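S.K.: The structure is given below, and queries will be raised subsequently.
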Amino acid sequence: MENIMKTEHAPTIQRADYRPLAWTVETVDLHFRLDPEATLVTNRMSCVRKRDAADGPIRLWSEALERVSLSVDGQAPQALREDGGVIEIDAAGDRVVVEVVTRVNPRANTTLSGLYLSNGGFFTQCEAEGFRRITCFPDRPDVMARYTVTLEADREACPVLLSNGNLVDAGLLPGGRHYAKWEDPFRKPSYLFALVAAKLVAFERKVETMSGREVLLQVWVEEGNLDRVEHAMDSLVHSMRWDEETFGLELDLDRFMIVAVADFNMGAMENKGLNIFNTKFILAKPDTATDLDYENVESVVAHEYFHNWTGNRVTCRDWFQLTLKEGLTVFRDQQFSADMLARAAGPEGAASARAVKRIDDVRVLRAAQFPEDGGPMAHPIRPDSYQEINNFYTATVYEKGAEVIRMLHTLLGQEGFRNGMDLYFSYFDGQAVTCDDFVEVMSEANNGFDLDQFMRWYEQAGTPRVKASGEWNAADGSYTLTLAQSTPATPGQHVKLPLVIPVALGLIGADGRDLPLRLEGEAQAGATTRVLKLTEEAQVFRFVGLAAEPVPSLLRGFSAPVILELDEDDARLAFRMAHDADPCNRWDAAQRYAERVALALAADPAATVPEAFVRAFRALLNDAALDPAFRAQALALPGEAYLLERMSPADPAALRGALVRMMRALGATLAADWLEVVERLQVAGEYRYHPGDAGRRALVNLALRYLAAAGVAEGLARAEARFAAATNMTERFGALAALVHSTSPARTAALQAFHDRHRDDALVLDKWFALQAGAWRWDEAAEPALARVRVLLSDPAFSLSNPNKVYALLGTFFRANPGEFHAADGSGHAFWAEQVIALDARNPQVAARMARALENWRRFTPALQASIRPQLERVLATPGLSADVAEIVGKAVG
Ligand code: PHE
Ligand code: ZN
């Protein structure tokens, strides 16, 4: 047994305790007799003793299943021990066939892990440890086997039978049943196994790969959704081309399938040759999906497709290495999306389109990952321990993990990175490896590039701070920049060592233009942006040959996942808002200025929005040379979650009050400018998903938000008209959101009209739920969001069993509406406990995600802490609490 530390709820698994298994599995022959309540699974495994392994038993995991029989080479096993879901069998010799028959109940499986039912069809989800809920198996990613799968089901209920790989046989059976047999030519870990047996139809396309092979692509959906799969298919084809062109990676199967399912815990899953997707990330048509939905479909399709190489062909040795596949694959999908946007924008708009995508990614990192890194769940991108692996599919592993890969890309350069990837596949194809393997190979492919210190990014948790200070010396025309780094202590990790931090920088001259950069000792000035490598606790960089004091622009392109601390007065922020040549930093300057104003207003209810801020804001708004998509980013206030993280103590009500005042002031003072945006930037003609059009729609929608917030009559009239006349979801929903975030009496009727129009569309209703759960209150008389959420909980379209519904209604309320959730009377907190407990009984993964909404409670005001603590304790004291929720709440209370 692994060395486990028992706590009250769940043992803690340590990374250091990894041991190879004594036995592995070569081939798996699975047979499923599918039945909604009693599915019989026969699993014949050829088990092989590993040559290099110490003596030991065959080890199988099992969970929530009924074992009907187990035999070893056809006999009852000689010695079998069972302890907490682990079965150990002593076997003689080097090869045995273990046959296990299990019975499972898909209908009763509300966890959506393992084999479950959704709308009458059978689906599986095995990552991370769902396969053990189907059959007894050495359910670890370092056991890679070849699978043959036979599915047998009722023909009428489940006309389509799918599994990984190639279809090798199919036919009819007596009693209205039929079967299909699938063979996956590639070895894979059990977490990549999948089956689907349901009533679906396929949208198909045949394409040629780079080597000239013809492959069949299929997107499987319910028949009524066939009119909204084309974008997903296009995205798949684009992903294939991009991976061929960018990394020389080709699809390795003759057929690649995507299946959409309405009940799914996560976004999507990269099962070999049979990706299973949450419908939210497949279905899109103009009338039901927004530009953002289109963008998300494209990037999630790409993400899962890219996993075929980074994840499937080369997989993780153990779950601590999760970022090996996730950080790398997120980086790949981010690059893909940036390239796609740049291509669509054309040569003129390409740079801005890329920057807008980068800003999007930075926003997500700051809103989700920074708070995680500053709270009780803080962990390195490669964690050292966990209680429940499902809790570690985090923003840190994914998004910060992608930032770490991006820094490697920056340090090694595009070509060096590509060489590293090539070497990675040449060494490790078909293997289960570690993050060290990856970083070592990157070094080896780049003449032994020293990455030893870089590895600390894998080891240390917490968001590093980089403090910058500059000194101008007029006498010799030099500018001395001092950069100092530090990382705050995180739970269980008090000592932090200096990291390798690439700091991209530029120096801006008084005329707003970038200055050529020349460091002391260099013969001549070079580029206007360069990357400094900060590796010590503090380092000094001296720039020479300058005529006047420059304005530094640091961390351009967000070159490292750190918090930059730099003293800049309002005038300097306004200057960078107007002139910084790096769009990310221009955006960031606007965000910093807005943050400063928001926090000042939150601290002083009598304070007003400074005129200078309004002026800087207006200048950006009216800068017609700027891409509308960029303006929409720069003029949107920073997210509430990010601001709360910057506020000490966090006071959601005060912050909300400040943001409302800002929205009103900016809406009212700039009403004419906003109205002009609405007038001028309308997109004419039929909807197309295109970054240029999407940027205009985004800016118009933002204009309507400000106008509606300020109660500008003409703006409200525009929103109403746009809502009524909209021919696509982006405009319809944008106008509706503006109305809901106003005091306009039209908002109730608009919500009703929206509901009635889309009443039969689950994904659109999710938007309707989320909008109400996330609504701010614009006057004291308005209904609190919690009251509305309670009403919606019993709406016939709502269901606690469907994760999308839970995320839309409860997730939005808990995570995206802090001003309402943290009501002073504590009603939100009590409601949170009630819902987490109810959810946990059905679906611990979903419950744990909701539970995380309060993990940073110690950052709040004492009054809020006093209201939250008893609710955390109430959840923790719930009998039968899952390990998932227990870990989150236990660490929060800790
Ligand atoms: N591996 C999936 C992805 O990143 C996410 C996932 C994890 C899905 C666990 C389901 C369960 O694409
Ligand atoms: Zn992934």
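S.K.: Scan the stretch 149-156 and tell me whether some residue there is in a strand (DSSP E or B) and farther than 24 Å from S69 by Cα. Quick ask: steps written out before the conclusion?
M.R.: Applying the first criterion (in a strand (DSSP E or B)) to the stretch 149-156 yields 149-154.
Next, only the ones that are farther than 24 Å from S69 by Cα stay: 154.
Yes, some residue in the stretch 149-156 is in a strand (DSSP E or B) and farther than 24 Å from S69 by Cα.
S.K.: List pairs: first in the stretch 113-140 and more than 15 Å from Q845 (Cβ to Cβ), second hydroxyl-bearing (S, T, Y) and within 16 Å of ligand 2 (Cβ to nearest atom), Cβ under 7 Å, 6+ apart or cross-chain?
M.R.: Filtered contacts from the stretch 113-140: F131/Y191.
S.K.: Mind checking which pairs have a first residue in the stretch 303-315 that is more than 9 Å from ligand 1 (Cβ to nearest atom) and a second that is among the hydroxyl-bearing types (S, T, Y), Cβ under 8 Å, 6 or more apart or different chains?
M.R.: Here the result reads Y305/S239; F306/S239; F306/T329; T310/T329; V314/Y424, each pair linking the stretch 303-315 to a residue that is among the hydroxyl-bearing types (S, T, Y).
S.K.: Of the conditions (1) within 11 Å of ligand 1 (Cβ to nearest atom); (2) of a type in the set (G, A, S); (3) buried (at least 24 other Cβ atoms within 10 Å of the Cβ), G273 clears all except one; give me its number.
M.R.: All conditions are met except number (1).
S.K.: Take W242 and decide whether it is surrounded by fewer than 24 Cβ atoms within 10 Å (Cβ to Cβ), of a type in the set (A, V, I, L, M, F, W, C), away from ligand 1 (no atom under 14 Å from the Cβ) and touching a residue at least 40 places away in the same chain (Cβ under 8 Å).
M.R.: On the way: surrounded by fewer than 24 Cβ atoms within 10 Å (Cβ to Cβ): yes; of a type in the set (A, V, I, L, M, F, W, C): yes; away from ligand 1 (no atom under 14 Å from the Cβ): yes; touching a residue at least 40 places away in the same chain (Cβ under 8 Å): yes.
Spelling it out, W242 is indeed surrounded by fewer than 24 Cβ atoms within 10 Å (Cβ to Cβ), of a type in the set (A, V, I, L, M, F, W, C), away from ligand 1 (no atom under 14 Å from the Cβ) and touching a residue at least 40 places away in the same chain (Cβ under 8 Å).
S.K.: So, one more: Got a number for residues in the stretch 153-197 being of a type in the set (A, V, I, L, M) and under 24 Å from N308 (Cα atoms)? Steps first, please.
M.R.: Within the stretch 153-197, the first condition is being of a type in the set (A, V, I, L, M), and the residues that meet it are 153, 157, 160-162, 167-168, 170, 172-173, 180, 192, 194-197.
Retained after the next criterion (residues that are under 24 Å from N308 (Cα atoms)): 160-162, 167-168, 180, 192, 194-197.
Residues flagged as of a type in the set (A, V, I, L, M) and under 24 Å from N308 (Cα atoms) within the stretch 153-197 amount to 11.
S.K.: If you check S69 against the conditions, is it hydroxyl-bearing (S, T, Y), under 30 Å from R155 (Cα atoms) and in a strand (DSSP E or B)? Steps first, answer last, please.
M.R.: Numbers: hydroxyl-bearing (S, T, Y): yes; under 30 Å from R155 (Cα atoms): yes; in a strand (DSSP E or B): yes.
The answer is yes for S69.
S.K.: Mind listing whichever residues of the stretch 188-214 are surrounded by fewer than 18 Cβ atoms within 10 Å (Cβ to Cβ) and either of a type in the set (D, E) or assigned to a loop (DSSP other than H, G, I, E, B) (or both)?
M.R.: Those that are surrounded by fewer than 18 Cβ atoms within 10 Å (Cβ to Cβ) and either of a type in the set (D, E) or assigned to a loop (DSSP other than H, G, I, E, B) (or both): K199, E204, E208, T209, M210, S211, G212, R213, E214.
S.K.: A further question on this structure: Going by the structure shown, is F264 within 15 Å of ligand 2 (Cβ to nearest atom), farther than 25 Å from R688 by Cβ and aromatic (F, W, Y)?
M.R.: Numbers: within 15 Å of ligand 2 (Cβ to nearest atom): yes; farther than 25 Å from R688 by Cβ: yes; aromatic (F, W, Y): yes.
Spelling it out, F264 is indeed within 15 Å of ligand 2 (Cβ to nearest atom), farther than 25 Å from R688 by Cβ and aromatic (F, W, Y).
S.K.: Which is within 12 Å of ligand 1 (Cβ to nearest atom) and modelled with pLDDT of 95 or more, of K357, K325? Write out each step before concluding.
M.R.: Numbers: K357 fails: within 12 Å of ligand 1 (Cβ to nearest atom).
Only one candidate passes the filter, namely K325.
S.K.: E250 is checked against (1) of a type outside the set (K, R); (2) part of a loop (DSSP other than H, G, I, E, B); (3) within 14 Å of ligand 1 (Cβ to nearest atom) and fails just one. What number does that condition carry?
M.R.: Here E250 meets the rest and fails (3).
S.K.: Now, a different point. Filter the stretch 304-336 for residues that are closer than 28 Å to T12 by Cβ, of a type in the set (D, E, K, R) and within 13 Å of ligand 2 (Cβ to nearest atom) and give the result.
M.R.: Selection gives K325, E326.
S.K.: Given the criteria touching a residue at least 12 places away in the same chain (Cβ under 8 Å), out of contact with any helix residue (DSSP H, G or I) (no Cβ under 6 Å at 6 or more places or on another chain) and within 20 Å of A560 (Cα to Cα), does G349 qualify?
M.R.: Values: touching a residue at least 12 places away in the same chain (Cβ under 8 Å): yes; out of contact with any helix residue (DSSP H, G or I) (no Cβ under 6 Å at 6 or more places or on another chain): yes; within 20 Å of A560 (Cα to Cα): no.
So G349 fails the test.
S.K.: Can you find, within the stretch 384-407, the residue that is surrounded by the most Cβ atoms within 10 Å (Cβ to Cβ) among those that are out of contact with any helix residue (DSSP H, G or I) (no Cβ under 6 Å at 6 or more places or on another chain) and of a type outside the set (S, T, Y)?
M.R.: E403
S.K.: Out of all the residues in the stretch 440-463, which are in contact (Cβ under 8 Å) with a residue 60 or more places away in the chain, surrounded by 18 or more Cβ atoms within 10 Å (Cβ to Cβ) and part of a helix (DSSP H, G or I)?
M.R.: Those that are in contact (Cβ under 8 Å) with a residue 60 or more places away in the chain, surrounded by 18 or more Cβ atoms within 10 Å (Cβ to Cβ) and part of a helix (DSSP H, G or I): W457, Y458.
S.K.: Can you say whether L341 is buried (at least 20 other Cβ atoms within 10 Å of the Cβ) and not acidic (D, E), as far as the supplied structure shows?
M.R.: Details: buried (at least 20 other Cβ atoms within 10 Å of the Cβ): yes; not acidic (D, E): yes.
Criteria met by L341.
S.K.: Filter the stretch 289-298 down to residues that are crowded, with 24+ Cβ neighbours inside 10 Å and either of a type in the set (A, V, I, L, M) or modelled with pLDDT under 95 (or both) and give me whichever is nearest to ligand 2 (Cβ to nearest atom).
M.R.: V297
S.K.: What's the number of the only condition in (1) touching a residue at least 40 places away in the same chain (Cβ under 8 Å); (2) surrounded by fewer than 22 Cβ atoms within 10 Å (Cβ to Cβ); (3) within 15 Å of ligand 1 (Cβ to nearest atom); (4) within 27 Å of R592 (Cβ to Cβ) that V364 fails to meet?
M.R.: (1)
S.K.: Taking the stated definitions as given, is V301 closer than 30 Å to H755 by Cβ and either polar (S, T, N, Q) or more than 16 Å from ligand 2 (Cβ to nearest atom) (or both)?
M.R.: Working: closer than 30 Å to H755 by Cβ: yes; either polar (S, T, N, Q) or more than 16 Å from ligand 2 (Cβ to nearest atom) (or both): no.
Criteria not met by V301.
S.K.: Determine whether V259 is among the aliphatic types (A, V, I, L, M), closer than 19 Å to N296 by Cβ and either away from ligand 1 (no atom under 15 Å from the Cβ) or in a loop (DSSP other than H, G, I, E, B) (or both).
M.R.: No.
S.K.: Filter the stretch 385-425 down to the residues that are within 16 Å of ligand 1 (Cβ to nearest atom) and free of Cβ contacts under 8 Å to residues at least 40 places away in the same chain, then identify the one that is nearest to V531 (Cα to Cα).
M.R.: A395
S.K.: Taking helices (runs of 4 or more DSSP H) that do not extend beyond the stretch 700-757, which have at least 3 residues that are surrounded by fewer than 17 Cβ atoms within 10 Å (Cβ to Cβ)? Show your work before the answer.
M.R.: Details: elements: 713-725, 729-740, 746-757.
It comes to 713-725, 746-757.
The values are calculated or read from the model by the stated rules, or taken from the named source; none is laboratory data. Worth saying up front: this structure is predicted, and the values here are computed from it rather than measured. With ideal geometry, Cβ positions are generated from the backbone for all residues, glycine too; neighbour counts draw on all protein chains shown.
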